[in-house]
Amino acid sequence: MIFIGEKINGTRKKVAAAIKDRNSDLIRQLAVEQTEAGSAYLDINAGTAPSREPEDMVWLIGNVQAVTDLPICLDSANPRALRAGLEIVHNTPIINSLSGEKARLEGVLPLALEYGAHLIILALDDVVGIPDTSSGRMEIIKRLTGMALKGGLAEDQLYVDPLVTAISTGTENGTLTLETIRAVKKAYPAAHITSGLSNISYGMPLRGIINRTFLAMCVASGLDSVIADPNDRALLETTMAAEMLMGRDRFCMGFNKAYRAGRIGPQAK
(Lines give C-alpha, C1' and ligand atoms only; values in the text may rest on other atoms or scores of the structure.)
Protein backbone atom coordinates (compact mmCIF):
# COMPACT_ATOMS: atom_id res chain seq x y z
CA MET A 1 0.00 0.00 0.00
CA ILE A 2 1.24 3.46 -0.91
CA PHE A 3 0.56 5.64 2.12
CA ILE A 4 0.38 9.37 1.42
CA GLY A 5 0.76 11.02 4.83
CA GLU A 6 -1.99 13.60 5.31
CA LYS A 7 -1.02 15.52 8.45
CA ILE A 8 0.81 18.56 7.01
CA ASN A 9 -2.37 20.34 6.07
CA GLY A 10 -3.17 23.96 6.79
CA THR A 11 -6.84 23.17 7.36
CA ARG A 12 -5.75 21.60 10.66
CA LYS A 13 -5.60 24.23 13.41
CA LYS A 14 -2.15 23.26 14.70
CA VAL A 15 -0.64 23.31 11.24
CA ALA A 16 -2.34 26.59 10.32
CA ALA A 17 -0.87 28.18 13.45
CA ALA A 18 2.56 26.75 12.65
CA ILE A 19 2.45 28.22 9.15
CA LYS A 20 1.37 31.61 10.46
CA ASP A 21 4.01 31.67 13.21
CA ARG A 22 6.70 29.97 11.09
CA ASN A 23 6.99 27.19 13.66
CA SER A 24 9.46 24.93 11.86
CA ASP A 25 9.69 22.47 14.75
CA LEU A 26 6.10 21.28 14.44
CA ILE A 27 6.26 20.85 10.67
CA ARG A 28 9.52 18.93 10.89
CA GLN A 29 8.16 16.77 13.69
CA LEU A 30 5.10 15.84 11.59
CA ALA A 31 7.35 15.02 8.65
CA VAL A 32 9.62 12.76 10.72
CA GLU A 33 6.71 10.99 12.44
CA GLN A 34 4.99 10.20 9.14
CA THR A 35 8.25 9.08 7.56
CA GLU A 36 9.02 6.71 10.43
CA ALA A 37 5.46 5.36 10.27
CA GLY A 38 6.02 4.16 6.70
CA SER A 39 4.65 6.88 4.42
CA ALA A 40 5.71 6.76 0.79
CA TYR A 41 4.80 10.41 0.15
CA LEU A 42 4.01 13.38 2.36
CA ASP A 43 1.04 15.48 1.32
CA ILE A 44 1.64 19.21 1.78
CA ASN A 45 -1.34 21.54 1.75
CA ALA A 46 -0.73 25.11 2.91
CA GLY A 47 -4.43 25.97 2.85
CA THR A 48 -3.69 29.70 2.93
CA ALA A 49 -4.90 32.62 0.82
CA PRO A 50 -3.92 32.38 -2.87
CA SER A 51 -1.69 35.46 -2.64
CA ARG A 52 0.53 33.96 0.09
CA GLU A 53 0.15 30.26 -0.71
CA PRO A 54 3.23 30.02 -2.99
CA GLU A 55 5.47 31.42 -0.24
CA ASP A 56 3.89 29.15 2.37
CA MET A 57 4.23 26.10 0.12
CA VAL A 58 7.94 26.79 -0.36
CA TRP A 59 8.42 27.25 3.39
CA LEU A 60 6.65 23.97 4.16
CA ILE A 61 8.58 22.02 1.55
CA GLY A 62 11.87 23.44 2.77
CA ASN A 63 11.19 22.26 6.30
CA VAL A 64 10.01 18.83 5.21
CA GLN A 65 12.98 18.26 2.93
CA ALA A 66 15.34 19.30 5.71
CA VAL A 67 14.41 16.18 7.69
CA THR A 68 13.27 13.54 5.17
CA ASP A 69 14.01 12.36 1.65
CA LEU A 70 10.43 11.27 1.00
CA PRO A 71 8.86 12.70 -2.15
CA ILE A 72 6.14 15.32 -1.79
CA CYS A 73 2.47 15.31 -2.77
CA LEU A 74 1.74 18.93 -3.71
CA ASP A 75 -1.85 19.51 -2.60
CA SER A 76 -3.25 22.68 -4.13
CA ALA A 77 -5.51 23.96 -6.89
CA ASN A 78 -3.42 27.14 -7.16
CA PRO A 79 -1.09 26.95 -10.21
CA ARG A 80 1.28 29.53 -8.71
CA ALA A 81 1.67 27.51 -5.52
CA LEU A 82 2.12 24.30 -7.49
CA ARG A 83 4.81 25.81 -9.71
CA ALA A 84 6.63 27.22 -6.69
CA GLY A 85 6.67 23.76 -5.17
CA LEU A 86 7.63 22.00 -8.39
CA GLU A 87 10.68 24.22 -8.74
CA ILE A 88 12.21 23.18 -5.40
CA VAL A 89 11.18 19.56 -4.75
CA HIS A 90 14.09 17.10 -4.69
CA ASN A 91 12.18 14.08 -6.00
CA THR A 92 9.43 13.57 -8.55
CA PRO A 93 6.25 14.68 -6.75
CA ILE A 94 2.58 13.88 -7.02
CA ILE A 95 0.24 16.75 -7.87
CA ASN A 96 -3.04 16.61 -5.98
CA SER A 97 -5.13 17.02 -8.09
CA LEU A 98 -6.66 17.22 -11.58
CA SER A 99 -10.42 17.24 -12.17
CA GLY A 100 -12.52 17.99 -15.22
CA GLU A 101 -13.11 21.52 -13.98
CA LYS A 102 -11.99 24.14 -16.50
CA ALA A 103 -9.71 25.96 -14.06
CA ARG A 104 -7.81 22.79 -13.20
CA LEU A 105 -7.57 21.62 -16.79
CA GLU A 106 -5.99 24.95 -17.69
CA GLY A 107 -3.90 25.42 -14.55
CA VAL A 108 -2.93 22.00 -13.20
CA LEU A 109 -2.61 19.66 -16.17
CA PRO A 110 -0.01 21.76 -18.06
CA LEU A 111 2.21 21.83 -14.96
CA ALA A 112 2.02 18.06 -14.50
CA LEU A 113 3.00 17.56 -18.15
CA GLU A 114 5.76 20.18 -18.05
CA TYR A 115 7.43 18.70 -14.96
CA GLY A 116 6.57 15.04 -15.58
CA ALA A 117 4.91 14.82 -12.18
CA HIS A 118 2.71 12.02 -10.95
CA LEU A 119 -0.90 13.11 -10.93
CA ILE A 120 -4.04 12.39 -8.90
CA ILE A 121 -7.14 12.39 -11.10
CA LEU A 122 -10.56 13.10 -9.58
CA ALA A 123 -13.84 11.75 -10.96
CA LEU A 124 -15.62 15.09 -11.13
CA ASP A 125 -16.09 18.04 -13.46
CA ASP A 126 -17.86 21.39 -13.45
CA VAL A 127 -20.81 20.14 -15.51
CA VAL A 128 -22.26 17.38 -13.33
CA GLY A 129 -20.03 17.61 -10.26
CA ILE A 130 -19.55 14.09 -8.86
CA PRO A 131 -21.60 11.64 -10.96
CA ASP A 132 -23.86 9.30 -9.02
CA THR A 133 -23.04 6.28 -11.19
CA SER A 134 -19.85 4.34 -11.81
CA SER A 135 -20.24 4.79 -15.57
CA GLY A 136 -20.56 8.54 -15.14
CA ARG A 137 -17.40 8.69 -13.06
CA MET A 138 -15.54 6.49 -15.54
CA GLU A 139 -16.50 8.82 -18.38
CA ILE A 140 -14.69 11.67 -16.62
CA ILE A 141 -11.76 9.48 -15.57
CA LYS A 142 -11.24 8.23 -19.13
CA ARG A 143 -11.35 11.76 -20.53
CA LEU A 144 -8.78 13.07 -18.04
CA THR A 145 -6.57 10.00 -18.24
CA GLY A 146 -6.56 10.27 -22.02
CA MET A 147 -5.35 13.87 -21.78
CA ALA A 148 -2.58 12.94 -19.35
CA LEU A 149 -1.39 10.00 -21.43
CA LYS A 150 -1.52 12.00 -24.66
CA GLY A 151 0.53 14.70 -22.95
CA GLY A 152 3.33 12.27 -22.17
CA LEU A 153 2.65 10.88 -18.70
CA ALA A 154 2.87 7.12 -18.23
CA GLU A 155 -0.09 5.14 -16.94
CA ASP A 156 1.75 4.22 -13.75
CA GLN A 157 2.22 7.94 -12.98
CA LEU A 158 -1.52 8.35 -12.54
CA TYR A 159 -3.41 7.98 -9.26
CA VAL A 160 -7.15 7.76 -9.85
CA ASP A 161 -9.45 8.88 -7.03
CA PRO A 162 -12.99 7.51 -7.51
CA LEU A 163 -14.22 10.00 -4.87
CA VAL A 164 -15.73 8.44 -1.78
CA THR A 165 -19.01 9.98 -0.62
CA ALA A 166 -20.71 9.47 2.73
CA ILE A 167 -22.73 6.32 3.29
CA SER A 168 -24.99 8.42 5.52
CA THR A 169 -26.20 10.38 2.49
CA GLY A 170 -26.67 7.44 0.12
CA THR A 171 -27.04 3.73 0.82
CA GLU A 172 -25.27 2.79 -2.42
CA ASN A 173 -22.28 5.10 -2.00
CA GLY A 174 -20.03 2.33 -0.72
CA THR A 175 -20.78 -0.08 -3.57
CA LEU A 176 -20.51 2.80 -6.05
CA THR A 177 -16.90 3.36 -4.98
CA LEU A 178 -16.10 -0.35 -5.21
CA GLU A 179 -17.61 -0.60 -8.70
CA THR A 180 -15.59 2.41 -9.85
CA ILE A 181 -12.35 1.00 -8.42
CA ARG A 182 -12.88 -2.27 -10.29
CA ALA A 183 -13.68 -0.40 -13.51
CA VAL A 184 -10.52 1.73 -13.23
CA LYS A 185 -8.39 -1.34 -12.57
CA LYS A 186 -9.80 -3.05 -15.66
CA ALA A 187 -9.35 -0.02 -17.93
CA TYR A 188 -5.94 1.07 -16.61
CA PRO A 189 -4.20 -1.88 -14.95
CA ALA A 190 -0.91 0.00 -14.43
CA ALA A 191 -2.51 3.08 -12.85
CA HIS A 192 -2.73 3.48 -9.09
CA ILE A 193 -6.03 3.95 -7.28
CA THR A 194 -6.08 6.22 -4.27
CA SER A 195 -8.63 7.83 -2.01
CA GLY A 196 -9.40 9.70 1.17
CA LEU A 197 -11.45 6.83 2.56
CA SER A 198 -12.68 8.47 5.76
CA ASN A 199 -15.37 10.34 3.80
CA ILE A 200 -17.38 7.10 3.81
CA SER A 201 -18.14 7.39 7.53
CA TYR A 202 -18.97 11.10 7.71
CA GLY A 203 -21.94 11.69 10.00
CA MET A 204 -21.85 8.16 11.43
CA PRO A 205 -20.92 6.74 14.85
CA LEU A 206 -18.05 4.24 15.13
CA ARG A 207 -16.23 5.87 12.23
CA GLY A 208 -13.05 3.88 12.83
CA ILE A 209 -14.63 0.47 12.29
CA ILE A 210 -16.52 1.74 9.23
CA ASN A 211 -13.33 3.17 7.72
CA ARG A 212 -11.30 0.02 8.35
CA THR A 213 -13.96 -2.32 6.99
CA PHE A 214 -14.39 -0.19 3.90
CA LEU A 215 -10.62 -0.05 3.42
CA ALA A 216 -10.41 -3.85 3.34
CA MET A 217 -13.21 -3.97 0.75
CA CYS A 218 -11.46 -1.34 -1.39
CA VAL A 219 -8.15 -3.22 -1.24
CA ALA A 220 -9.96 -6.35 -2.43
CA SER A 221 -11.35 -4.31 -5.35
CA GLY A 222 -7.94 -2.92 -6.39
CA LEU A 223 -7.09 0.09 -4.21
CA ASP A 224 -3.30 0.37 -3.74
CA SER A 225 -2.88 3.86 -2.29
CA VAL A 226 -4.49 5.83 0.50
CA ILE A 227 -4.30 9.40 1.76
CA ALA A 228 -4.37 8.84 5.50
CA ASP A 229 -2.63 9.14 8.85
CA PRO A 230 0.19 6.55 8.72
CA ASN A 231 0.29 6.55 12.52
CA ASP A 232 -3.25 5.13 12.70
CA ARG A 233 -2.21 1.72 13.99
CA ALA A 234 -5.58 0.02 13.49
CA LEU A 235 -5.79 1.29 9.92
CA LEU A 236 -2.29 -0.01 9.19
CA GLU A 237 -3.17 -3.42 10.64
CA THR A 238 -6.26 -3.67 8.44
CA THR A 239 -4.31 -2.56 5.38
CA MET A 240 -1.53 -5.09 5.85
CA ALA A 241 -3.95 -7.94 6.63
CA ALA A 242 -6.08 -7.13 3.57
CA GLU A 243 -3.08 -6.96 1.22
CA MET A 244 -1.72 -10.22 2.61
CA LEU A 245 -5.08 -11.98 2.14
CA MET A 246 -5.25 -10.67 -1.44
CA GLY A 247 -1.89 -12.27 -2.23
CA ARG A 248 0.07 -9.04 -2.42
CA ASP A 249 2.43 -9.90 0.46
CA ARG A 250 4.79 -12.64 -0.73
CA PHE A 251 5.11 -15.37 1.89
CA CYS A 252 3.43 -12.95 4.35
CA MET A 253 6.83 -11.36 4.87
CA GLY A 254 5.61 -7.78 5.16
CA PHE A 255 2.96 -8.63 7.73
CA ASN A 256 5.31 -10.73 9.84
CA LYS A 257 8.11 -8.19 9.64
CA ALA A 258 5.77 -5.40 10.78
CA TYR A 259 4.54 -7.58 13.66
CA ARG A 260 8.07 -8.39 14.83
CA ALA A 261 8.98 -4.70 14.64
CA GLY A 262 6.00 -3.80 16.80
CA ARG A 263 4.31 -1.71 14.10
CA ILE A 264 1.17 -3.88 14.27
CA GLY A 265 -0.28 -6.06 17.01
CA PRO A 266 -0.32 -5.36 20.76
CA GLN A 267 1.69 -2.34 21.74
CA ALA A 268 4.46 -2.80 24.27
CA LYS A 269 3.80 -0.96 27.53
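Pairs please, first residue from the stretch 170-193 and closer than 16 Å to L144 by Cβ, second anywhere and of a type in the set (K, R) and assigned to a helix (DSSP H, G or I), Cβ atoms under 6 Å, 6+ apart in sequence or on different chains.
Close Cβ pairs satisfying both conditions: T180/R137.
Of everything in the stretch 20-42 that's buried (at least 22 other Cβ atoms within 10 Å of the Cβ) and touching a Gly at 6+ places or on another chain (Cβ under 9 Å), which residue is nearest to H118 (Cα to Cα)?
My answer is Y41.
Going through E55, E101 one at a time, which residue ends up being acidic (D, E), assigned by TED's automatic domain parsing to the domain that holds M138 and more than 30 Å from T238 (Cα to Cα)?
E101
Would you be able to tell me the number of residues in the stretch 128-170 that are among the hydroxyl-bearing types (S, T, Y) and buried (at least 17 other Cβ atoms within 10 Å of the Cβ)?
4
If I ask for residues that are surrounded by 17 or more Cβ atoms within 10 Å (Cβ to Cβ) and either farther than 14 Å from A40 by Cα or not assigned by TED's automatic domain parsing to the domain that holds G38 (or both), which ones from the stretch 66-80 would you list?
Once the filter is applied, which keeps residues that are surrounded by 17 or more Cβ atoms within 10 Å (Cβ to Cβ) and either farther than 14 Å from A40 by Cα or not assigned by TED's automatic domain parsing to the domain that holds G38 (or both), the stretch 66-80 yields D75, S76, A77, N78, P79.
Being farther than 24 Å from G5 by Cβ, in contact with a strand residue (DSSP E or B) (Cβ under 9 Å, 6 or more places away or on another chain) and crowded, with 21+ Cβ neighbours inside 10 Å: is that true of T180 here?
Considered against the rule, which asks whether it is farther than 24 Å from G5 by Cβ, in contact with a strand residue (DSSP E or B) (Cβ under 9 Å, 6 or more places away or on another chain) and crowded, with 21+ Cβ neighbours inside 10 Å, T180 comes out as yes.
Before we move on, is G196 out of contact with any Gly (no Cβ under 9 Å at 6 or more places or on another chain) and modelled with pLDDT under 95?
Judged against the criteria, G196 is a match.
Only helices (runs of 4 or more DSSP H) wholly contained in the stretch 163-269 count here; list those with 1 or more residues that are within 18 Å of the chain's Cα centre (by Cα).
The helices (runs of 4 or more DSSP H) meeting that bar are 173-187, 207-221, 233-245.
Would you point out the residue of the stretch 216-230, among those that are touching a Leu at 6+ places or on another chain (Cβ under 7 Å) and among the aliphatic types (A, V, I, L, M), that is farthest from R182 (Cα to Cα)?
Looking at the filtered set, the residue picked out is A228.
Only one of these conditions is not met by V219: (1) among the hydrophobic types (A, V, I, L, M, F, W, C); (2) over 14 Å from I2 (Cα atoms); (3) surrounded by 15 or more Cβ atoms within 10 Å (Cβ to Cβ). Which number is it?
Just one mismatch for V219, condition (2).
Return the residue satisfying two criteria in turn: it lies in the stretch 67-91 and is closer than 18 Å to G38 by Cα and of a type outside the set (D, E, K, R), and of such residues it is nearest to the chain's Cα centre (by Cα).
C73
The values are calculated or read from the model by the stated rules, or taken from the named source; none is laboratory data. As the structure is a prediction and not an experimental result, all values here were calculated from the model. Every residue, glycine as well, gets a Cβ built from its backbone with ideal geometry; the counts of neighbours run over all protein chains shown.
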